[in-house]
Amino acid sequence: MLSKRIIPCLDVREGKTTKGVKFKNNVDIGDPVEMARFYYETGADEIVFYDITASSEKRDIMIDVVKRVADAIFIPFSVGGGIRNVDDMRKALLAGAEKISVNSAAVKNPGIISKGAEAFGSQCIVLGMDVKHVGKKENIPSGYEIVINGGRTYMGIDALKWAIEAQELGAGEICLNSIDADGTKEGYELKLTSLISENVEIPVIASGGAGRPEHLVDVLKKGKADAALIASMIHYGSYTISDIKSYLDAGGVKVRKSW
């Protein structure tokens, strides 16, 4: 059985790590380079970096910050935000990223997934999915809708259908973020996570809602996720990565030890 991955998420705005609730009311909380280095040194399996306003502001990702983070850590590093084409992917990979996350751009132009996978390999292409529970509708049979541009634009696309399509296009992994759970610290959206995990063959990273170590046990077991993204619970010092991994280990979840 593969170890489950614990992945700190750094949402970055104007060069600072920021955190909000349900994609709103963001506040700056620190320097992304310093935070990435600290999480690397204290046991993170990977780091995810999102330039959260690059897509809505129609600008490139902050390559200088990507380079500085990549120089500070020696674990897999995924970046997203402002990635619009294969050239943008190449720039981020050359800056030190190992994986590229595409979200809004992939919804608008699904071909970016297949082109990226062809150019760099599926293992480098992560589909970021921002999902809202809207109830079952004719065009949203799962009840979960894809939302882009940092939670601003509802697309009328069913989340499960999009996950399956992205896998077929060549995505090597899915980072599944529940807008409803984001920043609430009340637990992951287990129904959504298990829905996607059970219907795709590629790894699924659960995102949104972690507040206590037991939330990770739930999503990695009941939600059948392959990895869990964490932010608030470590950004504010409530827990360390070692605390979380020790709890998971005691709860029967296989993790890479860092204590």
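What follows draws every value from the coordinates through simple rules; no lab data is involved. If you're wondering where the values come from, they're calculated on a predicted model, not measured in any experiment. Counting neighbours? That spans all protein chains shown, and the Cβs are built from the backbone with ideal geometry, glycine included.
Can you confirm whether LEU160 is among the hydrophobic types (A, V, I, L, M, F, W, C), more than 20 Å from ARG84 (Cα to Cα) and not in a loop (DSSP other than H, G, I, E, B)? Yes: the conditions hold for LEU160. Go through region 216-243 and count every residue that is part of a helix (DSSP H, G or I) and either charged (D, E, K, R) or more than 14 Å from GLY187 (Cα to Cα) (or both). So the answer is 7.
Residues that are surrounded by fewer than 21 Cβ atoms within 10 Å (Cβ to Cβ) and in contact with a strand residue (DSSP E or B) (Cβ under 7 Å, 6 or more places away or on another chain) within region 180-192 comprise ASP180, THR184, listed in sequence order. Could you please let me know if ALA206 is under 14 Å from the mean Cα position of the chain (by Cα), without any contact (Cβ under 8 Å) to a residue 40 or more places away in the chain and surrounded by 24 or more Cβ atoms within 10 Å (Cβ to Cβ)? For ALA206, the condition - under 14 Å from the mean Cα position of the chain (by Cα), without any contact (Cβ under 8 Å) to a residue 40 or more places away in the chain and surrounded by 24 or more Cβ atoms within 10 Å (Cβ to Cβ) - is met. Is it the case that ASP226 is of a type in the set (Asp, Glu) and in contact (Cβ under 8 Å) with a residue 60 or more places away in the chain? Yes, satisfied.
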